[in-house]
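Heads up, the thing below is written out as C-alpha cells.
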Amino acid sequence: MASAEEGIQAQIRNIEAAYGKPMSQWVAIIAASGLTKHTDVVAMLKADHGMTHGAAHRVSLVSRQASAPPAAPSDPADPVGALYTGKKTALRPLHDALMTAVTAFGEDVQLAPRGYVSLRRRKQFAMLHPAAPAGSTSG
C-alpha cells in the first residue's frame, strides 16, 4: 500500500506531465501573481491555466509550503513558544498576561501544553489556542 506522501508525489508528477511545467515554475507563477490566499490562487490556476480543481489545489498547497518561512527551533524550556510563531507572534504578550492571571488562581492549576495549552484543576477548565489575528491573510 502506498503512503500518503507517495500519493502526493504521484499527483505532483501527474500535474507536471498534464500541464507541461515543473512544480518550481508553478510556484514562480503563483509568486508573480501576488496572490496569497489559497482560494484566490486556486481560482487563478483554474481560470488562467485550465487546471482542474484538484490540480490547482495541490499546486497551491505546494506553493504555500515552498514559500513558508522555516520553522523556528523549539525551545524545550518554553514549549508554549511553538504556538506563537509567524502571524501569531504578536499574540504572545496576551498569552503571558493570561498566564499571570491564571497562576494567581492557586498552585493547584496545572498547565499542559500540547497543540494548545490545557489549564487543569483535576479537570480541564480552559484551553488556550492562538488563532491568526483578524485581518491576516490565510487560506
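Taking a probe of 1.4 Å, how large is the accessible area per residue of the chain, in Å²? Walk me through the numbers before you get to the answer.
Numbers: 9080 Å² over 139 residues.
Accessible area per residue: 65 Å².
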Based on the Cβ-Cβ distance from Thr39 to Tyr116, what FRET efficiency comes out when R0 is 30 Å, to the nearest 0.05?
-> 0.70
May I ask which residue of Ala97, Leu35, Ile15 lies farthest towards the positive end of the charge dipole of the chain, with charges of +1 (Lys, Arg) and -1 (Asp, Glu) on Cβ and the Cα centre as origin?
-> Ala97
If one takes the longest principal axis of the Cα atoms in the chain, at what angle in degrees, from 0 to 90 and to the nearest 10, does the Cα axis of helix 4-19 lie?
-> 30 degrees
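Using a 1.4 angstrom probe on heavy atoms only, work out the carbon and sulfur share of the accessible area of the chain in %. Kindly include the intermediate steps, with their values, before the conclusion.
Numbers: 5230 of 9080 Å².
In the chain, the share of accessible area belonging to carbon and sulfur is 58 percent.
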Any idea of Tyr19's accessible area? Nearest 10 Å², probe 1.4 Å.
-> 60 Å²
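What does the highest-first list of 27-39, 53-65, 3-15 look like by mean Cβ count within 10 Å?
Details: 27-39: 14.7, 53-65: 18.5, 3-15: 12.2.
Highest mean packing first, the order is 53-65, 27-39, 3-15.
Between Ala31 and Glu6, what FRET efficiency comes out of the Förster formula 1/(1 + (r/R0)^6) with R0 = 22 Å and r the beta carbon distance, rounded to 0.05? Please list the in-between numbers first.
On the way: r = 27 Å, r/R0 = 1.23.
According to the calculation, E is roughly 0.20.
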Label model pair Asp48, Ala82: point-to-point distance (7 angstrom along the Cα→beta-carbon line) in nm is 3.7 nm
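The values are calculated or read from the model by the stated rules, or taken from the named source; none is laboratory data. Just so you know, these numbers come straight off a predicted model, no measurement behind them. Note that each Cβ is placed from the backbone with ideal geometry, even for glycine, and that neighbours are counted across all protein chains shown. Heads up: the accessible areas ignore ligands, DNA and RNA and are worked out on the full protein's heavy atoms, side chains in. Shrake-Rupley method; radii C 1.70, N 1.55, O 1.52, S 1.80 Å.
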